[in-house]
Amino acid sequence: MRVVHLVRHGRTAWNVQRRVMGWLDEDVEPVARRDAEAVADALAGDDVAAIVSSPLRRALQTAGPLANRVGIEPRLDDRVGELRVGPWEGLTEDEIGERWPEEWRRWRNEPHTLALEGRETLHELNDRVAAVLDELCSSAASGAAVVYTHDAVVRASVAWALRTGPDVYCHVEVLNCSITTVRVLDGVRRLVRANEVGHLERRGREGD
């Protein structure tokens, strides 16, 4: 059996501004460091055998507490990096809506149908995410793998677990420092939990 926990990175200033980051790099906010500790609290006792991270700082900084706790160096993998958004990178949602009104409407309502020059499609995203999950869940794998990643990659992972296509994308919510878990047993994929944030609430109460 293989368990994969997918963790969205901690909150950044651009998340608050609703600015599209893509592969632009940014640090997490100070509060997100406490949230990353809460993720480590939740997962450190789960027989962690591997930690995989997007190469972007916001993911690596979120991975740090668990990596220190279990003594495993995160393995960087571009395939769990953020969706490549092309010309939308660095713009706010309002700016994108003004410059590409039709494409933005499509992205908000039918994102799996959007094709924009220079921008990765959701089909392409799903293919690269499926490849890394297939490797992590090979028949020889055991223990838990923790993947520190991004909103779009977690959504693609849910699609992989459910054996569906990218049309599920807009029906999945992924909060910062949430945990989504997939278990594979005898080749059967199961979505165990999605967008779990109870660990953040518990940590917040303890800090009050």
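Nothing in this text is a laboratory measurement; each read-out follows from the coordinates by a stated rule. Just so it is clear, the model here is predicted, and its values are computed rather than measured. Cβ sites come from the backbone with ideal geometry, for glycine too, and all protein chains shown count toward neighbours.
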* Say the dipole of the chain comes from +1 at the beta carbon of Lys and Arg and -1 at that of Asp and Glu; which of Val4, Asn176, Thr121 then lies farthest toward its positive end? -> Val4
* Asked: Can you give the extra length, in nm with one decimal, that the chain gains between Arg84 and Arg34 once fully stretched, where that is 0.36 nm per residue apart less the Cα-Cα distance?
  -> 15.2 nm
* **Size of electric dipole in the chain: Cβ of Lys, Arg +1 and of Asp, Glu -1, about Cα centre, debye, nearest 20** => 480 debye
* **Between the stretch 96-116 and the stretch 22-61, the Cα center-to-center distance that results, in Å** => 30 Å
* **Distance (nanometres) between label positions extended 7 Å along Cα→Cβ at Ser142 and Leu162** => 3.2 nm
* Which residue, Leu125, Leu60, Leu91, tops the fluctuation ranking in a GNM of the chain built on C-alpha contacts under 10 Å? -> Leu91
* Interatomic Cα distance distribution for the stretch 8-128, bins of 5 angstrom, percent -> 2, 11, 18, 19, 17, 14, 10, 6, 3, 0
* **Of [x] 57, 39, 29; [y] 47, 43, 26; [z] 79, 49, 25, the label for Cα extents along the principal axes in Å derived from the coordinates** => [y]
